[in-house]
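Every number in this text was worked out from the coordinates using simple rules, so none of it is lab data. Computed from a prediction, not measured in an experiment: that's the story for all the values here. With ideal geometry, Cβ positions are generated from the backbone for all residues, glycine too; neighbour counts draw on all protein chains shown.
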Amino acid sequence: MKIRLRSSAALGLLFAMVAQAHGPAVSRYRVNELPVPSSLRAGCLEGYVVSGGIQRLNDFGVANANFQCYTQADPATATFQSRDAAFVAASWFGAFELAPPAVPGFSFGSTINNRGEIFGFETVEGGFSGVRWTLGGGHERLFFDPACGSLQIGGASDGNGRYIVGWGWRGDTRLPPPLDTLCLRTTWLIRSPDGVETPGPMDGQPAAINALNVAVGTSDGSAIRYHVPTGQLRVLHASDATHNAVASDINDLGEVAGTISLNTSPVTPCPLGVAVRWERDGREHLLPNLPGAAASRAVGVGYDGETVGASGPANSCSQSSSIEQHAVLWLEGRVFDLNTLIPRSAGITLTGAISVNRRGQISAGGFDNDEPLTQCPSIHIDPVTGAVTYTIDSCHNTRMYVLTPVGR
């Protein structure tokens, strides 16, 4: 039975769900930390946070990731400059930076596939545009539309060797001329095997595409599944006056992970959310929070019933508050704190799980428990007025880990 969320009270009730102590047998995991390319650390300000943010882990154990550190900081004027770069890493070859744009530009990698292709975006004149890198050193710009002139806003989300899905600001056909030509409407963008780029669903963006050419993402605040060759669209969870939804990942079995969130006014970067898993036939399963947690989000879906993500307080998007959330594994509808499934001797805290591959390996972010706190600039949004302020908080440097089931 599909459960529809119609009020904040109903969502709050769902957030109160907790897992029972008895549940399915789960694996324990050994942990490997992935490195950050040493070249990226040059010029980083001492005493400020350094972040290695792991993303997807492919079936060969190669992860794409992103690096950030601060190179200049003036707290008095809330002026900060950072270095942001995309790279790849694996326990068996180390780490190297992907081809960067011209200085002072930056890049961000979203996903990696089993072909060794990495998708994301990089800065261009007038904004940023989609890009595809390869492990062999290839670099190709995607979804750059000359018709948008000096306003280029877009990125590549994922690809499967045939289709590439991304997003960009494009013209709005609902508006009268000449406003219809202004590139201000967020639109799915699709690149076919022959290199032709066409628009897809409006008012949202894709997150992932599987081997069967089915992509998932958002459109008009709803979580959707979209068959790229035919344009057939299915709404997994429709938005309403109080909630919206996002589909974050899809496997080759057609199973999907995502999150249903509570709408807020003014909009906040970390709304209350509940993790969701959709079956191939569209059946929706609400996933429980960790005991005592207020929210959860599902980010990756595996092949043996696993869903991974995080659970913790509602305000868990900022670096300073992320230490309060824990990486989780959902299996057979029950939630497990991944920190209880790794050796205590590892001395780390896992704050979020991102993906799980066919081998059952999980990519996760976290921090070293013994490493001293450092300074991190944080953005704060007043929940009533929407006013934005900046503070210097204390937080951990973020690190990247691969969890491998013991015995595999």
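Okay, here's what the table says:
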| quantity | calculated |
| --- | --- |
| Exposure proxy ranking, count of Cβ atoms within 10 Å, fewest first, for Leu182, Leu236, Leu57 | Leu182, Leu236, Leu57 |
| Residue-averaged [θ]222 nm for the chain, counting only DSSP H segments that reach four residues, each worth -39500 (n - 2.57) | -500 deg cm²/dmol |
| Karplus 3J(HN,Hα) series, Hz, for region 128-144 with 6.51 cos²θ - 1.76 cosθ + 1.60 (x for Gly, Pro) | 8, 9, x, 8, 10, 9, 10, 5, x, x, x, 8, 9, 7, 10, 6, 8 |
| Spherically averaged projected area of the chain from its Cα convex hull (nm²) | 20.5 nm² |
| Mean Cα-pair separation over length for the chain, i.e. relative contact order, pairs under 8 Å, 6 or more apart, % | 15 percent |
| Bins of 10 Å, starting at 0 and running to the largest distance - Cα pair percent for region 29-176 | 11, 36, 32, 17, 4, 0 |
| Computed P(r) (all Cα pairs; region 110-167; 10 Å bins; percent) | 27, 52, 19, 2 |
| Extension gain (nm, one decimal) between Ile379 and Thr391, 0.36 nm per residue minus Cα-Cα | 3.6 nm |
| Interchain or long-range residues, amide H under 5 Å from Leu236's placed H | Ala223, Ile224, Arg225 |
| Taking Tyr401, Tyr70, Tyr163 and counting other C-beta atoms within 10 Å, the order from fewest to most | Tyr163, Tyr70, Tyr401 |
| Whole-Å distance, taken between Cα centres, linking region 386-408 and region 143-179 | 31 Å |
| Euclidean distance between Cα centres, region 333-355 to region 92-112, Å | 27 Å |
